[in-house]
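For reference, the structure discussed in these notes is given below.
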Amino acid sequence: MEIIFHEEEGIFHLSNEKLSYIIRIMENGQLEQLYYGKRIHDREGLSHFHEEALRSQMSICIPEPGKLSLNYTRQEYPGYGSGDYRSPAFVIRQENGSRVSDFRYRSHEIFPGKEPLLPLPATYAEDPDEALSLKITLFDELTEAELCLSYTIYRDYPVITRNARFLSHGKGKLYLERALSMSLEFPDKDYQLLQLSGAWGRERYVKKRPLEMGLQGIQSLNGTCSGAEQNPFLALLRGNADEFQGEVYGFSLVYSGNFLAQAEVSTFDLTRLMLGIHPEGFCWELGEGESFQTPEVVLVYSDQGLNGMSRSFHRLYRKRLMRGKWRDLPRPILLNNWEATFFDFDEEKILRIAKKAKEVGAELFVLDDGWFGKRNNDYQGLGDWQANLEKLPDGIAGLSRKIEALGLHFGLWVELEMVNKDSELYRAHPDWLIGAPGRFESHARHQYVLDFSRQEVVDYLYEEIAKIIRSSLLSYIKWDMNRYMTEPYSRALPAERQGEMMHRYILGVYQLYRRLTEEFPEILFESCASGGARFDAGLMYFAPQTWCSDDTDAGERMKIQYGTSYVYPIVSMGSHVSAVPNMQVYRRTPLETRANVAYFGTFGYELDLNLLPEEEIEEVKKQVRFMKEHRELLQVDGDFYRLRNPFEGNETAWMVVSRDQRKAIAAYYQRLNYVNASAIRLRLRGLKPDGLYALSCDLSPCLEMRGPIFGAELSLEGEGLRSYRAYGDELMEAGIPIKREDLSKKGGDFASLLFLIREEGE
């Protein structure tokens, strides 16, 4: 790992064992991006990466006889108005209306470690030796504005992080109308663009398309979250890249608000990729001495396909984005009461469900929506964070102690950013709502958004929730947010600063998270937004897990969790076993498959265990024992590999391999059963080629397939545990043979098989 500055050529070369990133100071003082990709040797003379040619209609930005044209140059952080006709990374409007800037190199600093990005979340370095950072300071003489571009390269990850900071030194006002976090240019367009898109109940589906001339990208304008529709992530794949081979460039924005992720291909095949805060409706005023910090972008390079990219994101985010006590710990097995009771519960019912949770071996009981104010339906109560004593006569403090007395930890659901108009909070502070004067205030689920850009709102909610935590035995908080932002306007901001409201809102959310996590570091926070809508790296900094989707059906979760895994580690995915028929798709998925999917996440239950027959209770106990035995591998130690893509066929498969490659768990799932079908061989990944492994798979029929079928006893009686030995190269090249009759035993439709793999001698 090193950052070298070649002073004569004005070239910076950032590199580690995996990648190189090269920047040049051009003859006009601006910055050029020369190279980003697999590591190359450092040497003098790398300026030949700069390409220049005279072209018709080109605008030249230096005195003659020079021929530098910004429109045909791979710029590091392009501005607007000086001969580059592509989209800029930033736009600054001066008081005279001009939007032309000229930021030229002034100085740089290279130092070990990584500085925090307060008040924004960001990746970090615990030891100065594990990262190197570069700050390049540029200055616009006319406006007296400073631009600082920051880079960090990690020693142990093929990762570079980037951000930008603007600072005004002049006496007049500047108006920042566009401030993306990064721009990166490639000399060609021979890539496919991969994005994670969807909607409620089908979040983060994998979409892929080739780059073409013009604009292509994704965005979020819902104001309050990364959104179920588009995730703040893009990847560029070389033409031959797949899950296991080829070059992949991944870009993840550490932010939770409006964003733009865009690839622009010029008519000369230059590709400009940009990521950051969406400029729509954005305008930030800078007075003398005032600054603006953009969010961080994490850049991952892989020459081992998409799986290689994902492993880098997973390792980095688990170790250098997540923080606190729970960063390195397996997660408690929980039972959540929502799908068991909805709003209809009292203390007696809750304790009955909790006792059953303890019986099966669960460790945490989570009380979901409906415990506060007059919250008996979606129409009322949000904002009144005081326990409903008709349901819970001893309040949250009393209930938490009763749950703890059962031998369980206690968790609580909140939705701090929302309010119902039928609430005491709204009646006391109607001006705390986000809403435009004289306009209808749109609602979703009969609720409205509190204005987190106002300090008094953040302070009030902090005190209300902190009061509950201080008086109770709380181990876990699920923080939900169930609607997007409409009529964006803050009644506390002057007209000229309304363009700051959406970003200030997110800063308010981060502030509340920071205050709560700092005062109560023992609590495990799980973020949530209408299911999996707010699943981003920004919130992962505060909450190390996120409810992955309201769609809890295992068949649907295969796609949702598969897509999510492109960026986010499986330990961040809230995944539960829910009741059947599933409330989203009314499907009856085998209990075994429901668990086999949920294992690859945080794992828990979303149902009333008291309604299960005894044989299913025994199966649940078995599942809990399995997860306790293997969660260190699944959640903390292991690397995740995607093996078969549910978006491309009837099958899904994935596995987790320990870092020492001695243990692994692989899962195979099918959606629909086949008749007279071809044989299946599942090729594994990540094992030692010369390691001798023992494999085992439980082939006994699932509960749903036991007993009479169409009046006759099932002939496929269980073989029990099947075991055999094989070398790693055989398992990876020839694969595991899977019999169709085994899948029939497991339910046929939505059947699954789980393989335990252990190196002999382990």
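Bear in mind that the values in this text are calculations on the coordinates, not laboratory data. Please read these numbers as outputs of a predicted model, since none were measured by experiment. Note that each Cβ is placed from the backbone with ideal geometry, even for glycine, and that neighbours are counted across all protein chains shown.
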Helix-only estimate, please: 222 nm mean residue ellipticity of the chain, summing -39500 (n - 2.57) across DSSP H runs of length 4 or more and dividing by its residues, to the nearest 500.
-5500 deg cm²/dmol
State the volume of the convex hull built on the alpha-carbon positions of the range 651-759, expressed per residue in Å³ and rounded to an integer.
93
Relative contact order (percent) for the range 141-274, with alpha-carbon contacts under 8 angstrom and 6 or more residues of separation?
23
Toy charge model, Lys and Arg Cβ at +1, Asp and Glu Cβ at -1: the range 302-346 dipole around Cα centroid in debye, rounded to 20, equals 620
Of Glu264, Glu417, how do they rank once you tally other Cβ atoms within 10 Å and put the fewest first?
Glu264, Glu417
Between Lys325 and Ala734, what is 0.36 nm times their sequence separation minus the Cα-Cα distance? Round to one decimal in nm.
143.1 nm
Straight-line reach from Lys171: which aspartates and glutamates have a Cα under 17 Å away, not including same-chain ones fewer than 8 places off?
Glu95, Asp140, Glu141, Glu144, Glu146, Glu285, Glu288, Glu290
Between Glu615 and Lys358, with labels modelled 7 Å along Cα→Cβ, what's the label distance in nm to one decimal, could you check?
2.9
Give me the percent relative contact order of the range 651-759, please, defined on Cα pairs under 8 angstrom at least 6 residues apart.
42
If I take R0 = 41 Å and measure r between the Cβ atoms of Tyr674 and Lys207 in this structure, what FRET efficiency does the formula 1/(1 + (r/R0)^6) give, to the nearest 0.05?
0.90
Neighbour-count ranking for Arg470, Arg534, Arg99 (other C-beta within 10 angstrom, fewest to most) reads Arg470, Arg99, Arg534
Extension length gain for Tyr379 and Arg470 (0.36 nm per residue less Cα distance), in nm, is 29.9 nm
Per the rule of 0.36 nm per residue minus the C-alpha distance, extending Lys67 to Glu9 adds in nm 19.1 nm
Of the beta bridges DSSP finds with both residues in the range 233-314, what % are antiparallel, to the nearest 5?
95
More than 15 Å apart - percent of Cα-Cα pairs taken over the range 244-291:
66
In the range 23-61, which residues have a backbone nitrogen under 13 Å from the label point lying 7 Å from Glu115's Cα in the Cα-to-Cβ direction?
none
Compute the convex hull volume of the Cα atoms of the range 11-63, divide it by the residue count, and report the result per residue in Å³ as a whole number.
92
What number do you get for the range 323-455 when its Cα radius of gyration is normalised by 2.2 N^0.38 Å, N = residues?
1.22
Using a Förster distance of 25 Å, the FRET efficiency for Arg427-Glu456 (Cβ separation, nearest 0.05):
0.90
What aspartates and glutamates sit close enough to Lys189 to cross-link, taking a C-alpha to C-alpha distance under 17 Å and skipping anything fewer than 8 places away on the same chain?
Glu51, Glu212, Glu247, Glu264, Asp269
Pairs from Lys319/Lys688; Lys38/Lys208; Lys478/Lys746; Lys114/Lys628 whose Cα-Cα separation, in the structure shown, is over 26 Å
Lys478/Lys746; Lys114/Lys628
As straight-line cross-link partners of Lys402, the qualifying lysines (C-alpha separation under 18 Å, not fewer than 8 residues apart within one chain) are Lys349, Lys355, Lys356, Lys358, Lys391
Dmax and Rg, reported as Rg then Dmax, of the range 247-364 (C-alpha, Å)
22.9, 70
Tell me, what is the percent relative contact order of the chain, built from C-alpha pairs under 8 Å that lie six or more residues apart?
10
Tilt relative to the chain, helix 614-631 - C-alpha long axis, 0 to 90 degrees, to 10:
40
Between the modelled labels at Glu44 and Asp344 (7 Å from Cα along Cα→Cβ) the distance in nm is 8.2
What is the Rg over Rh value, at two decimals, for the range 175-245, using alpha-carbon atoms and the Kirkwood definition of Rh?
1.01
From a point 7 Å beyond the Cα of Arg497 in the direction of its Cβ, which residues of the range 505-546 have a backbone N at a distance under 15 Å?
505-508
Give the residue list of GluC sites (Glu not before Pro) in the range 168-263 that are DSSP loop and have at most 16 other beta-carbon atoms within 10 angstrom.
Glu212
Based on the Cβ-Cβ distance of Glu17 and Gln192, what FRET efficiency does E = 1/(1 + (r/R0)^6) give at R0 = 30 Å, to the nearest 0.05?
0.70
Sort Leu306, Leu211, Leu539, Leu406 so that the residue with the fewest other Cβ atoms within 10 Å of its own Cβ comes first and the one with the most comes last.
Leu406, Leu211, Leu306, Leu539
